[in-house]
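One structure follows; several queries about it will come next.
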Amino acid sequence: MIWNRPHLLDIESLSPEEIIAVLDTARQFKAVGERAIKKVPALRGKTVVNLFVEPSTRTRISFELAAIRLSADVINFGAEASSLKKGETLKDTARNLEALNADIIIIRHSATGAPHFLSRVVNAHIVNAGDGAHEHPTQALLDTFTIREHKGKIAGLNVTILGDILYSRVARSNIWALLKLGAKVTLCGPSTLVPRVFEQMGCRVTYNVEEAIAGADVINLLRIQHERQRKTMFPSIGEYTALFGLNHARFAKTKPDVLIMHPGPINRGVEIASDLADCGRSVILEQVTNGLAIRMAVLYLINGGTAAPEPGGLN
Ligand code: CP
């Protein structure tokens with residue numbers, strides 16, 4: 001098993017073997033989460049800082065719980081109540097956290113490249129929890145983990161990503177991970193949000209939703225990112241739902257074993273009919289559960305842990 005990186009900054013720079021190493025390690029941590037005692041001492045004595053300069057529910061809480069399960073001390077840093085509001089720079093903020101012995105800094109920031117920048121100016125391990133519209137690597141890892149758990153493989157699967165691709169860091173990280181692991185990726189949404197340049201990465205692009213979902217093994221629905229769009233990229237939400245939303249008529253034409261995924265937060269009734277988000281083919285909450293195991297694996301590996309340790313090797 002291969003893992004020799006001090007940071008997790010993106011999926012683009014990872015090899016397929018490194019991605020598999022994280023998934024295999026996460027499988028061991030998922031088993032730990034099913035025990036009566038769910039904690040292991042892997043990060044005992046280490047300090048993990050959750051530096052979230054953008055809102056988050058799933059990512060922030062699961063990183064916090066992952067660090068607690070690994071026996072680390074955890075600091076949650078909220079930008080609104082910090083000296084960032086008084087104009088302190090990100091670099092000075094991170095260096096002050098390091099002066100307080102932060103060993104790992106998990107950062108979510110609206111600026112593309114913020115985690116990469118921090119990895120150059122501090123000695124702490126850096127984890128990207130989402131940087132602008134660039135990447136969200138742990139989301140892609142938990143998504144591929146969830147697909148592999150259900151389908152037993154990634155290679156050869158037809159995965160459709162539907163929605164706002166242009167502004168989506170989830171889409172970019174998923175595209176990298178899925179293509180590296182041998183899946184066939186189809187992108188679909190309004191042409192303003194799904195530029196054909198993605199074909200150069202090896203994706204199929206279509207603006208016909210029926211064509212996009214026919215034959216898909218996995219449909220990953222993305223939220224419309226109003227906060228990142230500089231202007232409205234389609235006439236109305238109602239028109240988006242009519243043209244691209246996953247409704248019952250469209251769902252009826254999907255494969256009987258299709259997986260319905262969504263990174264959250266869901267706009268119920270917009271990208272997906274509300275009851276379909278909760279139907280038997282939906283693995284949306286499983287994605288959240290798997291995010292904990294993935295984030296435990298990432299924190300453990302960047303701190304020098306052995307990839308996919310034998311059961312019991314985590315104690
Ligand atoms: N999927 C995801 O990143 O959700 P949060 O924004 O709630 O962390």
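Expressed as a whole percentage, what fraction of the accessible surface of the stretch 202-315 belongs to carbon and sulfur atoms when a 1.4 Å probe is rolled over the protein heavy atoms?
In the stretch 202-315, the share of accessible area belonging to carbon and sulfur is 55 percent.
Please compute the Kirkwood hydrodynamic radius over the stretch 137-287, one decimal place, Å, based on all pairs of different Cα atoms.
15.1
Assuming 0.36 nm per residue, please report the length gained on full extension of the stretch residue 199 to residue 278 beyond their Cα-Cα distance.
25.2 nm
Counting only protein heavy atoms and using a 1.4 Å probe, what share of the accessible area of the stretch 17-160 belongs to carbon plus sulfur, as a whole percent?
Details: 2970 of 6010 Å².
Ligands and nucleic acids excluded, carbon and sulfur give 49 percent.
Suppose R0 equals 22 Å; then what is the FRET efficiency for residue 39 and residue 73 from their Cβ-Cβ distance, rounded to the nearest 0.05?
0.95
Give me the number: length gained by fully extending residue 92 to residue 206, i.e. 0.36 nm times residue separation minus the C-alpha to C-alpha distance, one decimal in nm.
36.6 nm
Now for a separate question. Mind checking which of 119, 82, 15 has the largest fluctuation in a GNM of the chain, springs on alpha carbons under 10 Å?
Of 119, 82, 15, the Gaussian network model singles out 82 as fluctuating most.
Here are some pairs, 180/255; 30/86; 180/253; 39/151; 153/253; which of them have Cα atoms lying more than 31 Å apart in this structure?
Numbers: 180/255 24 Å; 30/86 41 Å; 180/253 28 Å; 39/151 29 Å; 153/253 23 Å.
Flagged as over cut-off: 30/86.
Let me ask you something else. So what's the chain giving for Cα Rg divided by 2.2 N^0.38 Å, two decimals?
Numbers: Rg = 19.3 Å, N = 315, 2.2 N^0.38 = 19.6 Å.
Relative to the rule-of-thumb radius for its length, the chain sits at 0.98.
Quick check: the distance between the Cα centres of the stretch 200-268 and the stretch 1-33, to the nearest angstrom?
28
Using the Karplus equation 6.51 cos²θ - 1.76 cosθ + 1.60 (θ = phi - 60°), what ³J(HN,Hα) coupling, rounded to whole Hz, does each residue of the stretch 118-123 give in order, writing x for Gly and Pro?
So the J values, rounded to whole Hz, are 4, 5, 8, 10, 10, 8.
Here's something else I'd like to know. I want to check the label-to-label distance for residue 82 and residue 110. Put each point 7 Å from Cα in the C-beta direction and report it in nm to one decimal.
If labels sit at residue 82 and residue 110, their model points lie 1.5 nm apart.
Return one whole number: the accessible area per residue of the chain in Å², for a 1.4 Å probe.
41
I'd like the FRET efficiency for residue 237 and residue 285, computed as 1/(1 + (r/R0)^6) with the beta carbon distance as r and R0 of 30 Å, rounded to 0.05.
Given R0 = 30 Å and the Cβ-Cβ separation, E is 0.75.
Among 130, 78, 305, which one shows the highest mean-square fluctuation when the chain is modelled as a Gaussian network with alpha-carbon springs under 10 Å?
Judging by the Gaussian network model, the answer is 78.
State the extension gain, in nm to one decimal, for the chain segment bounded by residue 2 and residue 61, taking 0.36 nm per residue of separation less the distance between their alpha-carbons.
Stretched fully, the residue 2-residue 61 segment lengthens by 18.5 nm.
Order 134, 262 by their accessible area, 1.4 angstrom probe, all chains in place, largest first.
Accessible-area ranking of 134, 262, largest first: 134, 262.
Another one. Specify the residue with the greatest mean-square fluctuation among 188, 203, 279, computed from a Gaussian network of the chain linking alpha-carbon atoms under 10 Å apart.
279
Turning to a different aspect of this structure: Each label point is 7 Å from the Cα along the Cα-to-Cβ direction; what then is the distance between the points at residue 306 and residue 253, in nm?
5.2
The values are calculated or read from the model by the stated rules, or taken from the named source; none is laboratory data. None of the values given here were measured: they were computed from a predicted structure. Counting neighbours? That spans all protein chains shown, and the Cβs are built from the backbone with ideal geometry, glycine included. Accessible surface is based on the protein model in full, side chains and every heavy atom, while ligands, DNA and RNA are left aside. Shrake-Rupley method; radii C 1.70, N 1.55, O 1.52, S 1.80 Å.
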